[in-house]
Each structure stands twice: as structure tokens, then as C-alpha cells.
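Heads up, the thing below is written out as C-alpha cells.
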Amino acid sequence: MNLYAGRILHVDLTKGVIEPVPLRQEWLKKYWGGWGLALRYFWETVSPGVNPLSPDNAIVIMTGPFCATAVPMTSRLCLVSKSPQTGTVFQSNIGGGFGPELKLAGFDGISITGRADKPVFLKIVDDRVTLEDASEMAGMGILETEKMLEHQTGLLGGKTLSIGPAGENLIPFSIVGSESYRQFGRGGSGALFGSKNLKGIICRGTGAIKAADMTKLLDTIAQHKSENLFQEDNLVLHTDGSACLVDITNEMGVHPTKNYTEGLNENSDRLNADAIKEVKLADRACNSCPIACGKFTKTGTTEVEGPEYETLCLGGSNCGIDDLPAVILFNRICDDLGMDTMSCGSVIALAMELGETGRHDFGLRFGNIDGYISVLREIANLSTVRGKDLAMGSKKLAAKYQAQDLSAEVKGMDIPAYEPRANYGMGIAYATSERGACHLRAFTVFSNDPFDLSRQVMDVIEGQNFSTIKWSMGFCDFWATIDLKIIADFLSVGLGEEVTQEELKTAGERIWNLARLFNVQAGFSNVDDVLPKKMMSTKLKKGAYDGNRFSEEDFGGALSEYYRSRLWNEKGVPEEEKLEALGLTRFMVEEKQ
Amino acid sequence: MKKQLFAIPDRCTGCNRCAYICSASHEGVFSPYLSRIQINNFASRGYSVQSICFQCSKASCLEVCPESALYKDDGVVLVQRDKCSGCGECVSACPYGMIEIDNTGGVRKCDLCGGAPLCVEECFTKALVYCEPTADLAKLKGAQLRLRSQQGSPGEKRFRLGKALMDKARSTEEADTAQKN
């Protein structure tokens with residue numbers, strides 16, 4: 001097959017059965033790979049009402065058609081499952097080398113179901129796939145687990161996915177890590193591995209990926225690289241990394257600070273791209289990416305790849321922490337224990353505000369580094385009362401302490417580092433994403449008119465449909481200028497058959513609607529597509545939009561317009577007409593409310 | 001002076017694009033495993049080391065070949081495929097792990113793409129350069145040449161040598177894995 005490996009690995013951990021199965025060809029032209037194809041496999045495997053942490057839930061991880069090729073920035077591997085953090089279907093993706101290694105071992109993806117009766121790891125060496133005992137690795141951090149996996153299998157330089165104690169302890173914002181500092185970061189993938197007693201996967205692939213016309217594909221790659229990829233909007237990620245956003249978002253007043261009370265961190269120069277450069281040792285890249293946005297840093301004896309923008313904000317400014325070495329240490333510990341720096345930073349910030357306002361004292365205060373660092377182990381290991389409290393995540397913590405006016409989450413997923421009161425499009429994006437508050441579905445931060453609701457609704461829909469196809473292809477978000485024409489070009493040449501922009505556009509919309517249908521059948525509706533009280537009722541302080549809020553009325557109007565534009569009914573359920581157009585009628589919700 | 005290929009690990013981001021392009025050009029498929037250049041990634045320490053063929057002036061692979069299938073052309077060690085029996089003597093002899101048995105019964109090694117190495121063209125951070133030696137580059141290459149490994153498979157040799165270079169570049173002191181906390 002061109003571009004694809006042609007097989008999916010099915011792993012049933014309950015029965016210990018491992019089975020390579022040919023790829024479902026009939027799904028490729030509709031779902032392509034990555035997010036879309038994983039979602040289609042996931043739909044086939046589970047029912048929407050499944051308990052996320054039960055053996056019946058499935059974890060589907062999927063590469064895209066360009067993974068393990070020279071098409072740049074395409075190593076991203078998507079994970080689709082039902083989230084223990086949000087209860088929705090969710091997609092999370094990871095860069096680095098695992099995706100390509102898996103594909104070179106001969107598998108486009110893996111579908112994992114069941115639950116092992118003791119800790120195991122999956123070992124993939126091309127066609128030889130086995131489940132191995134991971135008892136000795138129980139409780140280990142990800143950095144040590146990666147070494148153990150390599151040592152125990154003798155696979156020097158083998159690529160791994162693994163969890164730390166947070167995943168084993170089923171923390172809803174735990175992650176699966178790879179190459180020490182890369183993660184399936186959001187939605188609780190670590191807990192999914194943990195619930196299945198799957199400590200990790202190690203892979204070595206020595207195969208090859210074919211293209212229909214290699215010479216022409218290499219020419220096409222060279223052309224789009226020089227004409228589109230290598231321009232300033234993308235190259236800034238090479239020079240500055242994602243930290244380039246620190247100055248920009250502060251200037252725009254969208255930089256969450258002190259538990260989303262302020263839109264500007266006045267000390268942000270301590271956490272910006274220039275500050276990172278001061279402690280940088282090297283630029284690091286994902287597989288097949290020339291941009292190398294990763295900034296490997298060291299302060300004291302602490303090394304980390306990062307911190308990335310989201311960590312600098314949610315684990316820095318939002319906790320009132322302006323000390324870069326402290327944020328680097330926070331980052332390293334979270335990576336090792338296996339926790340999402342975003343949700344972890346956010347829940348700590350919430351606990352800090354509860355303390356500052358005298359509502360509950362967790363011994364945490366804005367800017368207090370000691371508590372901020374020491375609580376991390378308590379959360380991951382559930383070893384103290386406050387650790388257990390924070391390990392529930394922002395939504396449940398807020399519910400326990402009647403602090404729903406202070407928390408900042410949608411469907412249990414913490415709001416990312418772009419303040420919706422200063423950019424309404426991001427608010428609409430957070431409310432309508434399949435996995436709660438997520439900035440990787442639609443991104444309106446650079447919009448010229450952030451408060452024109454109709455314009456924002458259209459931008460959000462267009463952004464969501466495009467992101468969906470981008471993630472299905474495995475492209476990185478940091479090829480910011482990529483478009484459907486370029487993607488269609490790569491596919492047409494690589495597959496040796498014409499692929500049109502129009503069919504890709506439809507596929508994006510199809511995948512978005514299929515995710516929605518899953519969530520509808522899992523019990524979600526318009527009443528869940530909300531923004532936190534804080535964003536609607538409390539005025540933002542400081543920054544360019546000091547005093548702004550996103551009123552309930554404005555938000556409600558925008559949401560209705562969003563549904564209408566998508567051809568969804570007032571409950572947020574896709575109309576039959578839309579489903580017909582997308583070829584999704586067989587997934588229709590039978591009992592429309 | 002003749003141009004040579006130099007690897008500068010301090011600039012390598014570990015992206016492997018060189019290996020994708022090399023395999024596409026030489027084998028017609030994307031397969032880093034079949035590439036004539038190999039990247040050793042040490043992600044936890046944020047360091048990568050390229051393994052390249054040095055086109056040794058006194059080449060062990062060439063000297064050990066019982067069939068005289070390896071020869072030198074203008075400083076580049078090349079394989080004459082019809083003479084090669086695939087015995088693997090050269091594979092064991094190369095202390096850098098840079099010649100390997102391929103699945104057609106012969107061996108594969110770097111041919112510098114006939115004088116215009118594609119890996120160099122592809123390398124965005126200029127971690128690979130093809131030029132006349134400067135004092136600094138000659139010194140760097142000298143240090144890489146001095147590290148040799150005779151044990152194990154080519155992959156094991158490369159990994160071991162890469163790790164030694166990585167250890168030198170990054171302090172061997174283990175980074176704080178936050179055990180202190």
C-alpha cells in the first residue's frame with residue numbers, strides 16, 4: 001500500500017490476545033488516519049455509555065498517512081478514547097518518534113481493549129508482538145520507566161509510551177509520556193493506560209513506507225517546504241519555540257494570570273522566549289520536523305524539554321509563579337510523575353485562590369513556590385488529604401468547596417492559556433470542542449475582530465473542521481500556514497490518485513460531526529456546552545480588556561448561531577440533513593430529545 | 001583540499017530528515033532503518049548524535065574484504081555489487097557500525113550521493129556539512145574517529161559511540177529527576 005502500513009494491531013488485555021488485522025480500506029477515504037480513523041475504529045469498538053475506566057473502554061492510537069515519511073511535521077500520533085476527565089470522547093496527540101516507529105513496525109495504529117490482571121507492557125518488534133510483565137516498573141516515574149523498558153528488552157533506542165504513578169493512580173489529568181518530555185497531554189490518557197494495567201509500550205520498527213511516485217513526492221515536499229513552510233510565521237517556532245506566545249498573549253490581554261482572574265502577567269518577561277533562551281541547551285525536533293520548536297533547558301541540575309507556552313502560563317503566571325527555574329522544575333516533575341502541566345497548574349491555581357479568598361486553606365498561595373512544587377507528588381501519589389483533593393481535578397474540587405464561581409473548566413477540562421473574556425472566539429471554541437476546553441480545535445486568538453460574534457462563530461467552525469482533518473493527517477499545529485491544497489497535493493502524489501480539497505474539507509466536517517454524535521449518545525447536550533461562571537459573571541482584570549466579561553446573553557446567542565450554522569438542532573444534535581450530506585446517517589441518534 | 005562530510009552533534013535536533021531523504025533516494029522508500037546515515041536520539045538528555053561513514057583513509061571495511069568488492073574512488077569507499085558475496089566481514093570490521101548487510105545479499109554504505117550528499121542539503125540546522133576541512137571541523141571529526149567499538153551489531157556500535165559522545169557533551173551527572181523533592 002502507498003503511504004499506509006496496511007494493518008492495525010488489536011490487543012485484548014483481558015484475554016492476552018494480540019492480533020494484526022488488515023486496515024479497513026473502506027474507511028480510509030472518509031476518515032483518512034489519525035483522529036478520524038481512530039474515531040471510526042473507536043466507534044466500532046465501544047458503546048457511548050461505556051465507563052471510561054472500565055475494561056470495555058478502548059484506547060485507539062493511530063498514525064496519519066504521512067507518518068514515517070519526509071512530508072514534514074507529520075509524526076503526530078492520535079489517541080482516541082472516552083475521557084475519564086470529561087466523560088466525552090476525546091482526541092489527544094503526541095509528537096516525537098513513537099508514531100513513526102509503530103508505522104515502520106508495520107502498524108498504522110493499535111486498538112487496545114480489556115484489562116490485564118497484573119501490570120504489563122506491550123513489546124513490538126516489527127511482527128513480533130508480546131505482552132510482558134511490568135510488575136517491577138509499578139510506581140516508577142516515566143523517566144525511569146523508559147530506561148527500564150529499554151534495558152529489560154535490550155531494544156536500545158526503542159521508542160516508548162508509558163505512564164507514571166499518576167496514571168497508575170487513575171488521576172483524571174494524567175498523561176502518557178514518550179521520549180521523556182512529550183505527552184498525550186489532555187483528557188486523562190494516563191488513567192486509561194492505568195485502568196488497563198498497561199504500564200507502557202516499547203516499539204522497534206525496521207520496515208519502510210512506500211509512495212506512488214517517490215521522485216515526484218520528494219519534489220512536492222521540497223516545493224511546499226521552501227514556498228510555504230519556511231516563512232516567518234512558522235520559523236518563529238524554530239527561533240523562539242511556543243514561548244513566543246508569552247509576549248504576544250500578554251500584549252493582547254489574553255494571558256490567564258492568578259487563576260484566570262487577570263489577563264496580563266506584569267512579570268512575564270521572566271517567563272518569555274528570551275528568558276528561555278538564557279537557559280537553553282539545544283533545539284529539539286519531533287521525527288521528520290525541520291522546525292525543531294522544542295527548547296531543551298537546564299537550570300541547576302534540572303533538565304527538561306520546555307517549558308512550552310501552556311506550561312509557562314498555566315503552571316507559571318496562572319499560579320502567580322514568575323520564577324523560571326521553579327516552572328522548569330514543575331514541568332520536569334509533572335512529566336516524570338505523568339501529569340498534564342495544564343490541568344495540574346490550573347487545579348493548583350484554583351486551590352491557591354481558595355486559600356487567598358479565605359474559603360479553604362490548602363497551604364497554597366499565589367507565588368508560593370514550595371507548596372506548588374511539594375503538592376505535585378501528593379497529587380500523583382494520592383498521599384495527603386490536599387493531594388487527594390486536588391487529584392480530583394478542578395471541577396470536582398470546586399464542587400466540593402462550593403467554588404464553582406472560581407474554577408475555569410468546561411466539561412471538566414481546564415481552560416487553556418487564552419482568556420475567553422478577551423477573545424470570544426476562544427470561548428465558543430472551548431464550549432463546543434468534543435473534549436471540553438481545548439485550544440487545539442479552533443484558534444481565534446489572532447482574529448482581527450475578537451468580539452464580533454457572528455464572525456467568531458464562523459471562524460470557530462472553519463477552524464474546527466480544518467483542525468480535524470489536520471490531526472487526521474498527523475500534521476503538527478506549528479505548520480501554521482498549511483492549507484487544504486498542500487495536504488491534497490501530498491496525498492495525491494503519495495497515493496497516486498487524485499484527492500481534492502473539497503473531499504478533505506467534507507471529511508473534516510464528517511469527523512467533527514461523528515465525535516458530536518458520540519457525545520450526544522453519551523448523554524451530552526446543549527446544557528453542557530457552557531463556559532464557567534467566572535468568564536460570564538466576573539470581570540477580567542488587567543490587560544487590554546480589563547473589565548471585560550463574556551455575558552451569558554452574548555454567549556447564548558453565539559452558541560445558537562453556532563448550532564444553526566452547523567445544521568444542529570437547539571439541543572446541539574446534528575440534523576438528519578447534515579448527517580445525510582456527510583454520509584453519517586447510520587450513526588444517527590435514534591431518539592432525538 | 002577535498003570536501004568531506006562532517007557531523008556536528010551539538011546542532012542536531014534529532015529530526016531524522018536526513019535518514020528519510022537518504023532512504024528515499026537510495027532505496028526508493030522511506031525507511032530510516034535502511035538509511036546510510038543514522039541518528040541516535042537521547043531524548044531524556046536533549047541530545048542526538050549522527051552516525052556517519054567517515055570514508056576512512058585507512059578503511060577497515062575495505063581492507064578486510066576477501067572479495068575486494070570494496071574500493072576507493074576519489075576518497076569515497078564504494079561497493080562493487082557484483083563482487084560482493086555478502087559475507088559480512090566488513091560489517092564486523094567497521095568500528096563505527098556504518099556498513100550493513102542489506103536484504104539483497106550485498107552490503108550498503110554511504111556513497112556521499114556521488115559528491116552532493118542529500119542529507120546535508122536536507123539538514124535545516126546545518127548539523128551536517130560537506131566542505132573542505134577547517135581546523136575546528138577536523139578536530140571534531142578526529143574526536144569522533146578516535147571512539148571505536150568492535151563489539152555487537154552495527155546498531156549497538158552506533159548507539160554505544162553515540163552515547164559516549166552524548167555523555168561527553170552533557171555532563172554525565174544524572175539530571176535531577178526531582179527525587180530531591
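Residues in the stretch B:30-51 that are at the interface with chain A (Cβ under 7 Å from one of its Cβ atoms), over 15 Å from B:TYR20 (Cβ atoms) and among the polar types (S, T, N, Q): 2 in all. Here B:GLU27 meets the list (1) of a type in the set (D, E, K, R); (2) open to solvent by 60 Å² or more (accessible area, probe 1.4 Å); (3) away from chain A (no Cβ under 14 Å) almost entirely, failing just condition (3). Please go through the stretch B:117-151 and give me each residue that is within 14 Å of chain A (Cβ to nearest Cβ) and not in a loop (DSSP other than H, G, I, E, B), ordered by number. Passing the criteria: B:LEU118, B:CYS119, B:VAL120, B:GLU121, B:GLU122, B:LEU128. In the stretch A:377-464, counting only helices (runs of 4 or more DSSP H) that sit wholly within it, the ones holding 1 or more residues that are within 14 Å of chain B (Cβ to nearest Cβ) and either open to solvent by less than 10 Å² (accessible area, probe 1.4 Å) or farther than 24 Å from A:LEU329 by Cα (or both) span A:385-391.
Quick grid of which residues meet (1) closer than 30 Å to B:CYS15 by Cα; (2) open to solvent by less than 10 Å² (accessible area, probe 1.4 Å):
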position	(1), (2)
A:GLU19	no, no
A:LEU39	yes, yes
A:THR45	no, no
A:ALA58	no, yes
A:ALA68	yes, yes
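Check whether at least one residue in the stretch A:311-323 is within 17 Å of A:TYR181 (Cβ to Cβ), open to solvent by 10 Å² or more (accessible area, probe 1.4 Å) and assigned to a loop (DSSP other than H, G, I, E, B), and report yes or no. For the stretch A:311-323, residues within 17 Å of A:TYR181 (Cβ to Cβ), open to solvent by 10 Å² or more (accessible area, probe 1.4 Å) and assigned to a loop (DSSP other than H, G, I, E, B): absent.
Selection within the stretch B:52-86: residues that are open to solvent by less than 20 Å² (accessible area, probe 1.4 Å) and not aliphatic (A, V, I, L, M). The member of this set that is farthest from the other protein chains (Cβ to nearest Cβ) is B:CYS61. Output the number of the condition that A:ILE291 fails; it satisfies all remaining conditions of (1) closer than 30 Å to B:VAL120 by Cβ; (2) more than 8 Å from every other protein chain (Cβ to nearest Cβ); (3) β-branched (Val, Ile, Thr). Going through the list (1) closer than 30 Å to B:VAL120 by Cβ; (2) more than 8 Å from every other protein chain (Cβ to nearest Cβ); (3) β-branched (Val, Ile, Thr), A:ILE291 breaks only (2). Of the residues that make up the stretch A:182-193, is at least one open to solvent by 10 Å² or more (accessible area, probe 1.4 Å) and at positive phi? Taking every residue of the stretch A:182-193 in turn, none turns out to be open to solvent by 10 Å² or more (accessible area, probe 1.4 Å) and at positive phi.
Is at least one residue of the stretch A:275-285 touching a residue at least 60 places away in the same chain (Cβ under 8 Å) and at the interface with chain B (Cβ under 10 Å from one of its Cβ atoms)? No, the conditions are met nowhere in the stretch A:275-285. Only one of the listed residues (A:GLU136, A:GLU144, A:GLU168) is crowded, with 24+ Cβ neighbours inside 10 Å, at pLDDT 95 or above and more than 24 Å from A:TYR41 (Cβ to Cβ). That residue is A:GLU168. Checked against the criterion of being touching a helix residue (DSSP H, G or I) at 6+ places or on another chain (Cβ under 7 Å) and of a type in the set (Ser, Thr, Tyr), the candidates A:THR357, A:THR301, A:THR311 yield just one match: A:THR311.
Restricted to strands (runs of 3 or more DSSP E) entirely inside the stretch A:126-182, those with at least 3 residues that are within 14 Å of chain B (Cβ to nearest Cβ) are A:159-162.
Filter the stretch A:81-125 for residues that are of a type in the set (Val, Ile, Thr) and farther than 25 Å from A:ALA515 by Cα; which is farthest from the other protein chains (Cβ to nearest Cβ)?
Within the stretch A:81-125, the match that is farthest from the other protein chains (Cβ to nearest Cβ) is A:VAL120.
Under 7 Å between Cβ atoms, at least 6 apart or on separate chains: pull out the pairs that start in the stretch B:1-14 with a residue that is more than 19 Å from B:LEU112 (Cβ to Cβ) and end on any residue that is open to solvent by 100 Å² or more (accessible area, probe 1.4 Å). Note: pairs meeting the criteria are B:ARG11/B:LYS126. The requirement of being more than 12 Å from chain B (Cβ to nearest Cβ), among the polar types (S, T, N, Q), open to solvent by 10 Å² or more (accessible area, probe 1.4 Å) and touching a Ser or Thr at 6+ places or on another chain (Cβ under 9 Å) is fulfilled somewhere in the stretch A:326-345, by at least one residue. Selection of first residues in the stretch A:383-404 that are among the β-branched types (Val, Ile, Thr) and of second residues that are open to solvent by 10 Å² or more (accessible area, probe 1.4 Å) and not in a loop (DSSP other than H, G, I, E, B), restricted to Cβ pairs under 7 Å at least 6 apart or on distinct chains, gives the following pairs, ordered by first then second residue: A:THR384/A:GLU378.
Just one of (1) over 15 Å from the mean Cα position of the chain (by Cα); (2) over 22 Å from A:ALA208 (Cα atoms); (3) buried (at least 24 other Cβ atoms within 10 Å of the Cβ) fails for A:THR86. It is (1). In the stretch B:44-112, counting only strands (runs of 3 or more DSSP E) that sit wholly within it, the ones holding 3 or more residues that are of a type outside the set (A, V, I, L, M, F, W, C) span B:47-51, B:70-73. Filter the stretch B:6-24 down to the residues that are more than 7 Å from every other protein chain (Cβ to nearest Cβ) and assigned to a loop (DSSP other than H, G, I, E, B), then identify the one that is nearest to A:LEU156 (Cα to Cα). Residue satisfying both the conditions and the ranking: B:CYS12.
The values are calculated or read from the model by the stated rules, or taken from the named source; none is laboratory data. Quantities reported herein were computed from a predicted structural model and do not represent experimental measurements. Cβ sites come from the backbone with ideal geometry, for glycine too, and all protein chains shown count toward neighbours. Note: accessible area is taken over every heavy atom of the protein model, side chains too, but ligands, DNA and RNA are not part of it. Shrake-Rupley method; radii C 1.70, N 1.55, O 1.52, S 1.80 Å.
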